[in-house]
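The values are calculated or read from the model by the stated rules, or taken from the named source; none is laboratory data. All values derive from a computational prediction rather than experimental measurement. Counting neighbours? That spans all protein chains shown, and the Cβs are built from the backbone with ideal geometry, glycine included. Each accessible area value is taken on the protein alone, full model and side chains, heavy atoms only, with ligands, DNA and RNA left out. Shrake-Rupley method; radii C 1.70, N 1.55, O 1.52, S 1.80 Å.
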Amino acid sequence: MANTNKEKPSLTTLPAYKKLQKHFAQVSQLHMRRLFSVDPQRVNKYSIEYNGLFLDYSKNRISHETIPLLCELAKEADLESWRERMFSGEKINNTEGRAVLHTALRNRTNTPIMVDGEDIMPMINSTIDKMDAFSEKVRKGSWKGYTGKKITNIVNVGIGGSDLGPKMVYEALTPYHHKRLSVNFISNVDGAHIDQSLEKLNPETTLFVISSKTFTTQETLTNAHVAREWFLQSAVDEAHISKHFVAVSTNREGVIKFGIDPENMFEFWDWVGGRYSLWSAIGLSVVLAVGMKKFKKMLSGAHSMDQHFREAPLEQNMPVILAMLGIWYNNFFEAESYGIFPYDHYLRSLTMYLEQADMESNGKSVDRDGRKVDYATGPIIWGMSGINGQHAFYQSIHQGTKMIPSDFIVSMLTHSTHQDQHNIMFANALAQTEALMRGRNFDETLADIKASDADLGDIEKRIHHMVFEGNHPTNTILIRKLTPRTLGMLLALYEHKIFVQGIVWNLNSFDQWGVELGKQLTKTILEDIDQPYEVRSHDGSTNTLINYYRDVIGV
Ligand code: F6P
């Protein structure tokens, strides 16, 4: 395997890390209320605006020394040189010997990018052209199904990065959808998912996009075969498949073996990681729904964030700041999780998408040199649409015992006609970050109770439950308006945040060996389910569960 890295000193031995430990001891007890009263304008220092995105990171537990020290740490971790290695196509995915070039997919300036001595831009552009031509035919209705009808429904069959990215973007770009076309996403191998989706569809007007980087993923291939059988029950003749099945993959042989005409295959390459693939042909379902023009705008938005990430000084660099603040809480405050709360209905699947992007990238305990790490790496990423979360789990963020740093992502201009509702949502988002920062101390709580109609006799019993300590860190990311362009920027922002953290933690953020063992054991257990004898080859728990299942299903 290519090893592009000389062994790095461990993170905890870096001089900046040691300085940060000392600094942490000095500032960890500071309350943000105090920081705001000392410097009411701290938002001017701790905010960055770039092309329609505004990051306010002033509600963090940082003093004037924190960001410079965190940036010093990023420098000592050699971030700037790793960043260039990624953009220029070096094989920084060292365990798989691959380049990491999702940024090339959105390289709208078209400057040559070399992999193994070959400029990859022409092949990227030719796939974009192929997607463009195909999607235009479907959108205009000149691509006809086997009975001559226009396509009305698209079904993306895929899982992980071949599902979460396109699904999230499809939802996010709802206002831009083609009126005739709607897209369903089938990922779960639970037959209920595909049954429920196909139930409503007409094979004559349905187009399946089988999306799988490897074209070996069990869940996807199983669902794709079910879809094929369902289609053939009506269409009968296999020759009709070419009008209703297309594939997106890096595996041409696998696609042919499945029975999809390679003419109907949209290619991408091994230097695109699964969870970074929505910019590639994996975005085909999105292109079908919103058109290539809009898709290119999303690519341009991401490209502009790439440029910002590549060029802005570390202290004014949005992804770097988000990443290093994450490290501040993860490695110094020992926060174990990180909340992402979009206040935009169209971004409701963003957190789920980022769970994969972040946790599959940085949920690792061995560094890129193969050494067990002695520091915390990727946090647990979680969340949901913020407004719904408020009525579900925010209690714990406000008054629980865990520190949960979080991002509040809020769109300012709404696509809806209900401006009043939008104001309510906006006010809610800001009310949360304000409350999380300030809290409400004993005296304020007492005053609030006195000012209300509450029965004062009960105060002593309740007041301690009503005090908010505050001092919970949040970032607020304001999006001027959720458009293809700002969406592209937002997604690239998080991708680069994850990259920066991976570099500081000295991880290879681009492999995912941790998903392999389960896949392997699934095969064995699947075979065991059908054995004619009692299963005894696993541990006691697993044997019992398999045998119990066999009894129930009557094997
Ligand atoms: O099992 C994890 C994973 O490999 C992800 O990294 C990937 O996004 C997903 O499976 C789907 O893989 P594929 O696109 O090859 O079907």
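Side notes on the structure shown:
- Residue match in segment 208-228 (condition: of a type outside the set (Asp, Glu), more than 16 Å from the ligand (Cβ to nearest atom), out of contact with any Gly (no Cβ under 8 Å at 6 or more places or on another chain) and open to solvent by 60 Å² or more (accessible area, probe 1.4 Å)): no
- Residue in segment 289-300 that is outside the structural domain of Ala427 (by the TED database), at positive phi, in contact (Cβ under 8 Å) with a residue 60 or more places away in the chain and touching a helix residue (DSSP H, G or I) at 6+ places or on another chain (Cβ under 8 Å) present: yes
- Per this entry, Lys461 is counted among residues that are outside the structural domain of Thr433 (by the TED database), open to solvent by 60 Å² or more (accessible area, probe 1.4 Å) and under 30 Å from Gly400 (Cα atoms).
- Any hit, segment 495-506, residues being open to solvent by less than 10 Å² (accessible area, probe 1.4 Å), of a type in the set (Gly, Ala, Ser), at pLDDT 95 or above and outside any loop (DSSP other than H, G, I, E, B): yes
- Any hit, segment 468-477, residues being over 18 Å from the mean Cα position of the chain (by Cα), open to solvent by 30 Å² or more (accessible area, probe 1.4 Å) and either more than 16 Å from the ligand (Cβ to nearest atom) or not acidic (Asp, Glu) (or both): yes
- Residue match in segment 229-250 (condition: part of a helix (DSSP H, G or I), open to solvent by less than 20 Å² (accessible area, probe 1.4 Å), within 15 Å of the ligand (Cβ to nearest atom) and within 30 Å of Leu354 (Cα to Cα)): no
- A count restricted to segment 174-207 and to residues that are within 16 Å of the ligand (Cβ to nearest atom) and either over 23 Å from Ser249 (Cβ atoms) or surrounded by fewer than 20 Cβ atoms within 10 Å (Cβ to Cβ) (or both) stands at 3.
- Trp271 vs. criteria touching a strand residue (DSSP E or B) at 6+ places or on another chain (Cβ under 6 Å), within 16 Å of the ligand (Cβ to nearest atom) and either aliphatic (A, V, I, L, M) or within 30 Å of Val100 (Cα to Cα) (or both): yes
- Matching option when the condition is part of a helix (DSSP H, G or I) and either within 16 Å of the ligand (Cβ to nearest atom) or open to solvent by 20 Å² or more (accessible area, probe 1.4 Å) (or both), among Thr544, Thr486: Thr544
- Evaluated against (1) within 21 Å of Ile113 (Cα to Cα); (2) open to solvent by less than 10 Å² (accessible area, probe 1.4 Å), Gly274 falls short on exactly one condition, (2).
- Checked against the criterion of being β-branched (Val, Ile, Thr), under 23 Å from Ala133 (Cα atoms) and open to solvent by less than 10 Å² (accessible area, probe 1.4 Å), the candidates Ile260, Ile327 yield just one match: Ile260.
- Residues of segment 364-406 classified as open to solvent by 30 Å² or more (accessible area, probe 1.4 Å) and of a type in the set (Ser, Thr, Tyr), total: 3
- Across segment 354-379, the qualifying residues are those that are touching a helix residue (DSSP H, G or I) at 6+ places or on another chain (Cβ under 7 Å) and of a type in the set (A, V, I, L, M), and the one among them that is nearest to the ligand (Cβ to nearest atom) is Ala357.
- Selection status of Ser285, touching a Lys or Arg at 6+ places or on another chain (Cβ under 7 Å) and either more than 30 Å from Lys45 (Cα to Cα) or not assigned by the TED database to the domain that holds Tyr46 (or both): no
- Selection count, segment 154-173, where residues are over 24 Å from His415 (Cα atoms), open to solvent by 30 Å² or more (accessible area, probe 1.4 Å) and out of contact with any helix residue (DSSP H, G or I) (no Cβ under 6 Å at 6 or more places or on another chain): 0
- Residue in segment 407-414 that is aromatic (Phe, Trp, Tyr), surrounded by fewer than 17 Cβ atoms within 10 Å (Cβ to Cβ) and more than 16 Å from the ligand (Cβ to nearest atom) present: no
- Where a residue in segment 135-147 is in the same structural domain as Val286 (by the TED database) and among the acidic types (Asp, Glu) and its partner, wherever it lies, is surrounded by 13 or more Cβ atoms within 10 Å (Cβ to Cβ) and part of a helix (DSSP H, G or I), with Cβ under 9 Å and at least six apart: Glu136/Met292
- For segment 454-487, a residue qualifies if it is touching a Lys or Arg at 6+ places or on another chain (Cβ under 8 Å) and closer than 16 Å to Gln395 by Cα, and the qualifying residues are Met466, Val467, Phe468, Gly470, Asn471, Pro473, Thr474.
- Meets criteria (touching a Leu at 6+ places or on another chain (Cβ under 9 Å) and either without any contact (Cβ under 8 Å) to a residue 12 or more places away in the chain or aliphatic (A, V, I, L, M) (or both)) for Val555: no
- Residue in segment 199-212 that is within 24 Å of Phe268 (Cα to Cα), free of Cβ contacts under 8 Å to residues at least 40 places away in the same chain and not hydrophobic (A, V, I, L, M, F, W, C) present: no
- Of all residues in segment 148-163, those that are within 9 Å of Leu181 (Cβ to Cβ) have Cβ atoms under 9 Å from Cβ atoms of residues that are within 16 Å of the ligand (Cβ to nearest atom), 6 or more apart or on another chain, in Ile154/Phe208; Ile154/Val209; Ile154/Leu284; Ile154/Ser285.
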